[in-house]
1. Residues with beta-carbon under 15 Å from that of SER363, excluding SER363: net charge, scoring Lys, Arg +1 and Asp, Glu -1?
2. Would you mind calculating the relative contact order of region 3-367 from Cα pairs under 8 angstrom and at least 6 residues apart, reporting the percent as a whole number?
3. If you take the beta carbon distance between GLN130 and LYS196 as r and set R0 to 35 Å, what does 1/(1 + (r/R0)^6) give as a FRET efficiency, to the nearest 0.05?
4. Give, rounded to the nearest 20 debye, the magnitude of the charge dipole that the chain has about its Cα centre when Lys and Arg contribute +1 at Cβ and Asp and Glu contribute -1 at Cβ.
5. Working out 0.36 nm times the residue gap between ALA308 and VAL334, then minus their Cα-Cα distance, what length gain in nm do you get to one decimal?
6. May I ask you to order 176-186, 112-122 by the average number of other C-beta atoms within 10 Å around their residues, highest value first?
7. Determine the sum of side-chain charges near THR218: Lys and Arg each +1, Asp and Glu each -1, restricted to other residues whose C-beta is under 9 angstrom from that of THR218.
8. Would you please put 328-337, 8-17 in order of how densely packed they are, using the mean number of other Cβ atoms within 10 angstrom per residue and starting with the highest?
Amino acid sequence: MDIAQTLKDAVAAGDVPGVAAAVATDGGVIFEGAAGGIKPDSVIWIASMTKALTGAAAMQLVEQGKLSLDTPAADVVPEIADKQVLVDIGVDGTVKTRPPKRPITLRHLLTHTSGMGYDTWDADIARYVQATGIPKPASRQVLATPLLFDPGEHWEYSISIDWAGLMVEAVSGMRLDRYMKENLFDPLEMSDSGFKIGPMQRPRKAAVHVRKDAGGFTATDHELDQNPEVFMGGGALYSTVNDYLKFTRALLAGGGSILRPATVALMSLNAMGEVSCRPLKTQLPNRSADMDFVDGMKWGLSFMINPAAFPGRRSANSLTWGGLANSYYWIDPVKKVTGVWATQLLPFYDPRAVAAFESFERSVYAAL
């Protein structure tokens, strides 16, 4: 199966409006290509692919002794101690909460076991947002939603890594955009990555699309606030597939110029114990489809980990995640291969886009 052909086929079949992808082994880049309206150097909103970069930033500071995985996060960001566990939302909108049984830690934040959630997938958070008023995006108010359970007891995909970004800011004395530039993007030569779209990137920005009922796609004017109150470490970066591959290659190589090998090894292990990832049922179908994970999926320190191999695809214990506009990556530490595949299409986990990504991944392994 030809790697480039899978991209052309996905566009020709109307599965995606355009797609770009890049692949590397421990020996170097083995593929980069694109089809449709997206090019290899197109600037895309990588959304939750931001999370792994924020996790890397936090772990740099763990290496330096400035952050700790298992001490209260409130030691660094005191306002996180204000979070209470949601008990009930009355028909009149009255919110009842209780104190959590234990403090939130950086480990809880990086593994999505903090008790926080997203209104996209959690009905209680969605009801809370409706009852209290929809907050301005990229604001402190967005991060003030209550906990759904006591920290450490369950997994719920969440705004947790936005809080990890605030911890990075607190101990580094830098805004997250500057910290990432100086400590991740510059060392890795990721010149097209950042929270703000620069003049060199603006002409290459790819539009986010939605699928038409009758077939085809409509381009939208979707763009994140370029001067936000909070740089959201959970989902606000722009990048290119080539740039992001530089980051995943660094992790594949044991950290490259940004992290120690022992740190990457720690990040790549199950960090949530007996807890497992739960299916995500959408509350906002225009933003995401349902996500039913393979049983037993685990979370490391900012990645999802598959305990079993996927036939014809990645090995067991590979690292992965994606972004809301249907961008995805994986890092296979066994077969020493990493890939990045991105379209710009909402809602997330679009079945046809996911199938196209899986076809691409199979073609990569067939070519190894």
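None of the figures in this text is laboratory data; all of them are computed from the coordinates on show. Keep in mind it's a predicted model, so treat the numbers as computed, not measured. Cβ: placed from backbone, ideal geometry, glycine included. Neighbour counts: every protein chain shown.
1. On the way: positive: LYS8, ARG313, ARG314, LYS335, ARG362; negative: ASP2, ASP9, ASP15, GLU32, ASP332, GLU358, GLU361.
It works out to a net charge of -2.
2. With pairs under 8 Å counted, the relative contact order is 24 percent.
3. Using R0 = 35 Å, I get an efficiency of 0.65.
4. My answer is approximately 300 debye.
5. Numbers: separation 26, 0.36 × 26 = 9.36 nm, distance 1.22 nm.
That works out to 8.1 nm of additional length.
6. 112-122, 176-186
7. The answer is +2.
8. 328-337, 8-17
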